[in-house]
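Here the structure comes first, spelled out in structure tokens, and everything after it is commentary.
The values are calculated or read from the model by the stated rules, or taken from the named source; none is laboratory data. On a predicted model such as this, the values are computed, not experimentally measured, just so you know. As a convention, Cβ positions derive from the backbone with ideal geometry for all residues, glycine included, and neighbour counts pool all protein chains shown.
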């Protein structure tokens, strides 16, 4: 009996040794932020505060999201492919860098006392995913809601922005680059709208 039990244990351990290991996690960073047109002098007299972006459901997690069909009706998360930071934080930092480097305000920050006058920008992630196309390629689809509130708390404008960028190949790395590019397209459009609205405000 002892020999039989020992043989069973040996077989069990050998079987465990043949089970493939759990895949390693892969972490992705967004590619380097693009440079927006730089203003020679600040357009805004007050500081600009970039708030943490909001997101619901899948988009609030660090896992990359992908669609099962071109319409994006069915979504899933990758189990082992993750962002280094949650998209809500990554997009906040990215917008802060791009707006700060554009030189449109004396100060662009993510922290300022609520009692201090500032233009406050907030965003919501409505779509941020890899989508297959009918021809077998992939696109990065991003939809963001961006809002700017005046120092007195009233909304300056509130709009929804959408950008699709095709990935250069089927790898996830190419999709990450395409997602970064789509976000930058939206931020560039938002930057233009921000300046146009400020000019309009002063013209009234």
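Descriptive notes on the structure:
- Checklist (1) at pLDDT 95 or above; (2) in contact with a helix residue (DSSP H, G or I) (Cβ under 8 Å, 6 or more places away or on another chain) applied to residue 176, failing item: (2)
- Among the residues of segment 24-35, those identified as modelled with pLDDT of 95 or more and buried (at least 17 other Cβ atoms within 10 Å of the Cβ) are 28, 30.
- The set of residues from segment 45-80 being surrounded by 19 or more Cβ atoms within 10 Å (Cβ to Cβ) and either part of a loop (DSSP other than H, G, I, E, B) or at pLDDT below 95 (or both) comprises just one member, 53.
- Test for residue 122: is it under 14 Å from the mean Cα position of the chain (by Cα) and over 20 Å from residue 172 (Cβ atoms): yes
- The set of residues in segment 81-94 being part of a helix (DSSP H, G or I) and crowded, with 16+ Cβ neighbours inside 10 Å consists of 87, 88, 90, 91, 92, 93, 94.
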